[in-house]
1. For Asn262, put the label point 7 Å out on the Cα→Cβ axis and report which residues of the stretch 216-238 keep their amide N under 20 Å from it.
2. Once the dipole of the stretch 64-107 is set up with Lys and Arg at +1 and Asp and Glu at -1 on Cβ about the Cα centre, which of Thr106, Ser81, Leu91 lies farthest towards its positive end?
3. Please compute the per residue accessible area over the stretch 189-302 with all protein chains in place, 1.4 Å probe, rounded to a whole number of Å².
4. Across the Cα atoms of the stretch 164-311, what radius of gyration and what greatest pairwise Cα-Cα distance (Dmax) are found, in Å?
5. Dipole of the chain (Lys/Arg Cβ +1, Asp/Glu Cβ -1, origin at the Cα centre): which of Thr125, Met154, Leu299 lies farthest to the positive side?
6. Calculate the length of the line joining the C-alpha centroid of the stretch 268-330 to that of the stretch 232-261, in whole Å.
7. Cross-link candidates for Lys104: which aspartates and glutamates have Cα within less than 20 Å, leaving aside residues fewer than 8 places away along the same chain?
8. Which length gain, in nm to one decimal place, applies between Glu287 and Ala56 when the Cα-Cα distance is subtracted from 0.36 nm times their residue separation?
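The values are calculated or read from the model by the stated rules, or taken from the named source; none is laboratory data. Because the structure is predicted, anything quoted here is derived from the model rather than measured. Neighbour counts run over all protein chains shown; Cβ positions are idealised from the backbone, glycine included. Surface accessibility is based on the protein's heavy atoms, side chains included, excluding ligands, DNA and RNA. Shrake-Rupley method; radii C 1.70, N 1.55, O 1.52, S 1.80 Å.
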Amino acid sequence: KEIVMSGLRPTGYLHLGNYFGAMKNYVKMQDEYECFFMVADWHSLTTHPDTKELKANVRRVFAENIACGLDPEKVAFYCQSHIYETAELYLYLNMMAYKGELEKTTTFKDKVRAHPDNVNAGLLTYPVLMAADILLFRASYVPVGKDQEQHLEMARNFANRFNHRYGDVFPEPSAFNFGGELIKVPSLDGTGKMSKSENQNATIYLADEDDVIRKKVMKAKTDSGPTEPNSTKPDYIENIFQLMRLVSTPDTIQKFEDDFNNCVIRYGDMKKQLGEDMVKFVTPIREKAKAIENDDAYLKEVMLKGAEKARISARKTIELTREAMGLNYF
Ligand code: TYM
């Protein structure tokens, strides 16, 4: 079986971007591949040094993934900090990463801009830790959203440099999405992507109550509609269609496409429909997740079992890595 690895940071509430960019793929891949999925708590420390909410966030990410259909019996679903082997591989890979390329990473530059007061070395080497997560299981496929593409490219570079220097240990991992292209789920305000921390009013969280979802969708930017048939959609309108393609039926989407092309579209109606379709999608996940989140015994069992499964493969890789590097002295 081919190997799949991916992870999510527990830095806040999961949203539709996380679901359609990543989690939906996890669930589709779990039957066909050997999967390792994790909650990246170490990564969250690079930007969220305050750990007051970490425990609740970690538990919620576990619960929400399971509520979305991830089956801990089929995959290894674990917490990053439970697999110490990750830290060892991270150390070796740090020697394969150049300061210059790390400084040029888009996510690094964004985070420096957002938090100039906390530009720590962990933030700079974030892509190295992520490469360690992936290479630790010698994974070939990494289901992620578009924003992680550059990190994957870096992981491939680190793997290649290692293999070149010490001999083949790591396959080249590639970013993966079932639709082919990696996706970016836009935020409701049409300015960027849905995100855990920015634009909270333009992001639909899997934990949002029905009325909150309806309200957020109704606030999405629109205009008075096209004046010429078959015109190009402005970005903020295209975004609404894009979101509709994620949660609405083909008939519904077609109706509003036709209305747009015939200049009779009513954006109020469209947003109302989109809101209802999002509510229909989110409600069962939110309710299931709430129940799981409060089940201490079950969550503990999932985390312990997941780590146990992950450790077997992780130890093997560390053994191969040390051997390849010549760190076996007797
Ligand atoms: P994170 O926690 O930011 O996001 C988790 C996953 O959700 C995807 N995603 C999106 N996809 C589409 N549209 C959006 N608006 C959107 N927002 C988020 C992300 O692409 C990601 O797949 N560095 C990773 C966590 C990580 C990881 C790893 C991933 C740590 N180690 C190893 C894969 C393999 C991150 O910050 O994801």
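1. 224-233
2. The residue sitting most towards the positive pole is Thr106.
3. Values: 6310 Å² over 114 residues.
Spelled out: the 1.4 Å probe surface of the stretch 189-302, per residue, equals 55 Å².
4. Final numbers for Rg and Dmax: 20.4, 64 Å.
5. Result: Thr125.
6. 32 Å
7. The qualifying aspartates and glutamates are Asp117, Asp147, Glu149, Glu153.
8. Length difference between fully extended and current span is 81.5 nm.
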